[in-house]
Each structure stands twice: as structure tokens, then as C-alpha cells.
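Reading through the C-alpha cells given below for one structure.
The values are calculated or read from the model by the stated rules, or taken from the named source; none is laboratory data. Since we're looking at a predicted model, the values are computed, not measured. Quick reminder, even Gly has a Cβ in these numbers, built from the backbone with ideal geometry, and neighbours come from all protein chains shown.
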Amino acid sequence: GDNYILADGLKHKPKVCSEIRRERWKSVFGDDFWMRTFGDYQFLGLNTQLIGSGLEAEHQQKEMIDKAMDSDASERSNTIVVLHKPLYSQEDGAVYSQEDSAEAELWSIPEAESLMLEEKFTKNKLNLMLSGHLHRYKVIDKDGLTRIWGPSTSFVVNNPRLPVQALVKVGFVVVELSSGSYPKIEFCTDLRCIDMDIANWLEHEGPGLEGILGANFPMRLK
């Protein structure tokens, strides 16, 4: 499931995060949020689709974040946040305006929660955050917190309805961690990756993905 979206401008609202969908996920992949330590580093894995759901698991995730923030300064400085959706879908962290498409709310964590998490992470001097979802690469240094948008290894979505300024190319990010020094960040591409643009992925009518997989197609979208 996804975050609950209030905007009425969406023709197709996402199926929201629920306990049933969480249990399906966990039965295959394990915990949907976690805190783990490897060497000198502490990794905080968050379920961004859970944020704003009002489920009990969301409160448990908040308690886990607060616990990580209560650790001593040396542990916090070596805490790396790993999550699917970024805090914002724009580099400057601009809040959504009435002129923005209602779909902009799908590209990142809901605005109120983004502001809350950003304040908490910068106040506690976290250094690094890794996210995906946007299918494009960018490194943003803001308020001492480096935010890396990881690209996709499968496809890009170069659609004008997703006006995010970043590198639109398949690949992956290598983050080299070394105790006592700042992480080394490198964008990598691979000739085995096919740089396919599925711009119609966002379209629900006509030549869009749902139109292609329509009544005369042997597959069905569930």
C-alpha cells in the first residue's frame, strides 16, 4: 500500500497502507522497519508508506526513530537513514503549492511528516540519508544532512508530470563507508542495464500502461 492521499485531483488514488498489506510484505521480506548496527554504523530503515497511516505500527516506528535519536552523539553521527520515498520531491524542500499537480504528493513522504523528520534528523546531526522512488539520481547537501536519491536499475520515467531536476539514467549508487572519514558516494552505470524510459507508466488512459494492458490484452492489472 501507499500513503493516504487527500487530494481530490487524482483520478486514481493509491491503495493505502494497511495491516493486511503489511503482513503480506513481512511474510516475504521480513520487517518493514528496523534498526541494525554494522561495525561503527547504525542503519535506520523506515517504511515511508506507513507514515501518516495512523496504524499502530506507525507509532512503533516513531518510537524506534526516537530511540535512535536518544543515542549518544557519536552513534547519531554514524546513523544512516534508509528509506524508499525521499523527504521532498524537490531539492529545495519546497512545500506543495496550489499550482502543483495533486500527483506531486505521491513522489515523497507527506509534507507534514517530511518537515517533522527533517527537523528531527538535522537537529540530531545525522549525516546521510538514502532514498529511491523517483527513478533518478541526485545528491543534495542541506543543513548538514546529505540526501542521496538513488536511481533505478530497471527503468526511468522521463515524464513532464514528474518535473524533478536530477539525472534520469538507470544505474546504482555505491556508498563507501570508512570510520573517521566522510562517506564516498559514487554513481555507477553498467552496460548490462537497459536505459528504458517508461514515460507511459504514469498514464491511465489512451496509450498509457493501463490502456495497453486493457480489455483486449491477455494480462490484467489487479
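At a glance:
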{"read-out": "Residues of region 37-50 satisfying the condition of being surrounded by 11 or more Cβ atoms within 10 Å (Cβ to Cβ) and either in a loop (DSSP other than H, G, I, E, B) or of a type outside the set (G, A, S) (or both)", "value": "T37, D40, Y41, Q42, F43, L44, L46, N47, T48, Q49, L50"}
{"read-out": "Region 16-49 - residue that is within 17 Å of the chain's Cα centre (by Cα), within 22 Å of I5 (Cα to Cα) and of a type in the set (A, V, I, L, M) and, of those, modelled with the highest pLDDT", "value": "L46"}
{"read-out": "Restricting region 156-175 to residues that are at pLDDT 90 or above and in a loop (DSSP other than H, G, I, E, B), the residue that is surrounded by the fewest Cβ atoms within 10 Å (Cβ to Cβ)", "value": "K169"}
